[in-house]
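Structure, as structure tokens:
The values are calculated or read from the model by the stated rules, or taken from the named source; none is laboratory data. On a predicted model such as this, the values are computed, not experimentally measured, just so you know. Note that we place each Cβ from the backbone using ideal geometry, even for glycine, and neighbour counts take in every protein chain shown. Note: areas computed on protein heavy atoms with side chains; ligands, DNA, RNA excluded. Shrake-Rupley method; radii C 1.70, N 1.55, O 1.52, S 1.80 Å.
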Amino acid sequence: MFGKNEIVGKKFFKGQADNTLMVTSRFYTIQGEGPFRGEPAVFVRLAKCNLACSFCDTYFDSGDVLTFDEIFAQCDEEIEKFYASRNMAVPDWAKGTNRRIVLIVTGGEPSIQPNLEAFLAGANKIYARTQIESNGIN
């Protein structure tokens, strides 16, 4: 955080099993910026970054290596927790396949993880839209 993270590149993930990503956190909220601002969104924050920006305010130095299925299941849990905390049922548009929620993959730097493309291909079968938040360096 605040430029103190370990700088890593794609080599850090060499040998990581297919169908996995290193994930720091997941949460459900309203997207606050970009083309999908104001829309419900599930964020998957991936671990590690190839930069150490002095202005960065996000923790992503460590995480758990999870399978895609585990990540999707945890996203479902985040959506369910959000509505349960408001004593509401999960709306139909927020569950099942082609749900009208944006899945946003952020970091750290998502593009340094070799399985990102395969994860997004799987996500496109569940979520209506996906977005990657990247520093654009990789």
Of every Cα-Cα pair in the stretch 44-84, the percentage lying beyond 11 Å is 72 percent
Rounded to 5, the percent of DSSP beta bridges in the chain classed as antiparallel
50 percent
Expected field for Arg129, accessible surface area in Å² at 1.4 Å probe radius, rounded to 10, holds 80 Å²
Compute, for Met22, the solvent-accessible surface of its heavy atoms (probe 1.4 Å) with the complete set of protein chains present, and express it in square angstrom to the nearest 10.
30 Å²
To two decimal places, what compactness ratio does the chain give when its Cα radius of gyration is scaled by 2.2 N^0.38 Å?
1.05
Which Cys in the chain stand alone, with every other cysteine's Cβ at 4.7 Å or more from theirs?
Cys49, Cys75
Can you work out the PRE-style zone for Arg100? Point 7 Å along Cα to Cβ, and I want the residues of the stretch 26-40 with backbone N under 14 Å.
39-40
About the Cα centre, and with charges only on the beta carbon of Lys, Arg (+1) and Asp, Glu (-1), how big is the dipole of the chain? Nearest 20 debye, please.
200 debye
At 0.36 nm per residue, minus the direct Cα-Cα distance, what do Ala73 and Ile7 gain on full extension? Give it in nm, one decimal, please.
20.8 nm
How much FRET efficiency would the formula 1/(1 + (r/R0)^6) give for Gln16 and Ile132, where r is the Cβ-Cβ distance and R0 is 25 Å, rounded to 0.05?
0.85
If each part is reduced to its alpha-carbon centroid, the stretch 1-59 and the stretch 82-96 end up apart, in Å, by 25 Å
